[in-house]
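Notes follow once the structure below has been shown.
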Amino acid sequence: MSPPLRLSAATKTGQLSVLRWGAGEPLVLLHPLASAGELWQPVADRLAGHAVYAPDLRGHGFSSWDGEPFAIADMADDLAQAMDTLALPTVNLLGMSMGGSVAVTFAGMYPDRVRSLILADATAWYGADAPEVWAERARKAKAVPRADQIPFQLDRWFSPQFADTPEAKRAADIFLKQNSDAHAAACIAMGAMDSRPLLSSITAPTLIMVGEHDYATPPEMSAELHENIAGSTLRILPGLRHMTFIEQPELADVVAREAL
């Protein structure tokens, strides 16, 4: 696939920077916390025949942030406004980790705008202690030098045999480039999120995928999504942890075959 174009899409609070590959039926890919749209390159390469859009979410990558607190629902609104700017009334939507939380929230808020929904290593709610747990994550995002956070992140993201690969290093390099204050603000948003009431509003055919050994969003969280999204399908991915699509980009072939 050719190198992506970088587009700018206006939102009510600024702009989202969006990478676009290819042409065809639109598929939007939403990245994890403290990452950016460029993370999706190996997945986009396997999705010829689709117009693949990978936005940098608020405060991430090249997208703007006004410095104010925000919620996961605000990031879903950002996506809706960016889709309006890009003349995309409806899309197929794939989100991983935080991107999955934004995707499930978007699909519940804007059910008529989602053709199909793929949720990878995601949740609608992190539990009753989430505000405190994520507040501590936010504190560390700002207080700990970014390079010193990498061992913790790699252990969560990838299986041990993958953590030393060039692709794992590329994911870490993207993490290092992110703004620590925006990272912290997104942590607070994750801790406050409870999108469970939206799950019954999702009407798109939904495929839920999770790593067998994902301890950031364990399979039990995906099972809860599956139980509450009507007609959804759940797949447990053997041997994988949290960034399933980066460790196994060939999962894009499964999505193309089963969900698009």
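Search the range 41-57 for residues that are in a strand (DSSP E or B) and pair each with any residue that is at pLDDT 95 or above and of a type in the set (K, R) when their beta-carbon atoms are under 6 Å apart and the residues are at least 6 apart or on different chains.
Y53/R20
Which of the residues that make up the range 14-40 are modelled with pLDDT of 95 or more, on the phi < 0 side of the Ramachandran plot and not in a strand (DSSP E or B)?
H31, P32, L33, S35, A36, G37, E38, L39, W40
For V210, indicate whether it is modelled with pLDDT under 95 and surrounded by 21 or more Cβ atoms within 10 Å (Cβ to Cβ).
no
Could you list all residues from the range 190-206 that are surrounded by fewer than 20 Cβ atoms within 10 Å (Cβ to Cβ), outside any helix (DSSP H, G or I) and in contact with a helix residue (DSSP H, G or I) (Cβ under 7 Å, 6 or more places away or on another chain)?
Scanning the range 190-206 gives a single hit, T203.
For the range 5-26, check the following and say yes or no: at least one residue is in contact (Cβ under 8 Å) with a residue 24 or more places away in the chain, surrounded by 24 or more Cβ atoms within 10 Å (Cβ to Cβ), of a type outside the set (A, V, I, L, M, F, W, C) and in contact with a helix residue (DSSP H, G or I) (Cβ under 7 Å, 6 or more places away or on another chain).
No, the range 5-26 has no match at all.
Considering only the range 225-260, how many residues are in contact with a Lys or Arg (Cβ under 8 Å, 6 or more places away or on another chain), of a type in the set (D, E) and either surrounded by 15 or more Cβ atoms within 10 Å (Cβ to Cβ) or not in a loop (DSSP other than H, G, I, E, B) (or both)?
Matching residues across the range 225-260 total 2.
Out of the range 162-189, which residues are touching a residue at least 60 places away in the same chain (Cβ under 8 Å) and not in a helix (DSSP H, G or I)?
Of everything in the range 162-189, those that are touching a residue at least 60 places away in the same chain (Cβ under 8 Å) and not in a helix (DSSP H, G or I) turn out to be F162, K177, Q178, N179.
The values are calculated or read from the model by the stated rules, or taken from the named source; none is laboratory data. Given the structure is predicted, the values throughout are model-derived calculations rather than measurements. Backbone-built Cβ (ideal geometry, glycine too); neighbour counts: all protein chains shown.
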